[in-house]
Amino acid sequence: MEFEQYKKYLKQAMDQIPEGAKQKERFIIPDVEIRPEGKNIIILNFSKIIQKINRDVKHFLPIFLKNIGTMGEDRGGQLFLKGRPKKDVLNRHINEYVNKYVLCKICNKPDTSISKEDKKLYLICQACGARTPIIE
């Protein structure tokens with residue numbers, strides 16, 4: 001097959017792909033939606049964030065609370081936080097968690113799970129098959 005013919009077939013195939021499938025970013029974490037409550041705040045869309053990153057609340061919450069330096073608790077899909085951390089700080093720490101515990105270090109896809117072997121945690125990627133240690 002000649003190169004020009006190959007390019008023609010490739011263009012035809014690319015034109016048949018729906019627009020939504022062409023987007024490069026399929027994994028977009030929603031920004032936190034907060035509501036002040038006295039001296040504290042509530043993250044209203046906490047369950048949506050947890051669902052998007054596909055991690056257990058029991059794994060995410062202690063790490064997140066430690067990083068932002070406050071106490072908090074899950075209240076039926078909303079996260080109650082002591083104090084008033086800023087929205088951009090909360091978003092930054094969620095993104096740091098995702099970079100460390102969700103995104104594959106090899107292919108950068110979110111299709112991963114965490115596996116504990118001995119006392120070490122590993123990030124297992126279902127997309128590329130990579131198995132990388134999570135360094136605490």
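The values are calculated or read from the model by the stated rules, or taken from the named source; none is laboratory data. Note that the structure is predicted; figures quoted are calculated from it, not measured. When we count neighbours, we look across all protein chains shown, and the Cβ atoms used for this are built from the backbone with ideal geometry, even at glycine.
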State the number of residues belonging to region 26-43 that are over 24 Å from Y101 (Cβ atoms) and in a strand (DSSP E or B).
4
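Which ones in region 96-136 are of a type in the set (S, T, N, Q) and either surrounded by 15 or more Cβ atoms within 10 Å (Cβ to Cβ) or touching a residue at least 60 places away in the same chain (Cβ under 8 Å) (or both)?
Start the filter on region 96-136 by keeping residues that are of a type in the set (S, T, N, Q), which leaves 99, 108, 112-113, 115, 126, 132.
T112, the sole residue that qualifies.
For region 89-125, name all the residues that are charged (D, E, K, R), over 14 Å from I63 (Cα atoms) and under 15 Å from the mean Cα position of the chain (by Cα). Full working, then the answer.
Residues of region 89-125 that are charged (D, E, K, R), as a first pass: 92, 96, 100, 105, 109, 111, 116-120.
Within this subset, residues satisfying the condition of being over 14 Å from I63 (Cα atoms) are 105, 109, 111, 116-120.
Once the filter is applied, which keeps residues that are charged (D, E, K, R), over 14 Å from I63 (Cα atoms) and under 15 Å from the mean Cα position of the chain (by Cα), region 89-125 yields K105, K109, D111.
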All but one of (1) surrounded by 12 or more Cβ atoms within 10 Å (Cβ to Cβ); (2) modelled with pLDDT under 95; (3) not basic (K, R) hold for F80; state the number of the condition that does not hold.
(2)
Which of the residues spanning region 41-62 are surrounded by 16 or more Cβ atoms within 10 Å (Cβ to Cβ) and of a type outside the set (K, R)?
I41, I42, I43, N45, F46, I49, I50, I53, F60, L61
Hits in region 48-95 - residues which are part of a helix (DSSP H, G or I), β-branched (V, I, T) and without any contact (Cβ under 8 Å) to a residue 24 or more places away in the chain:
I50, V57, V89
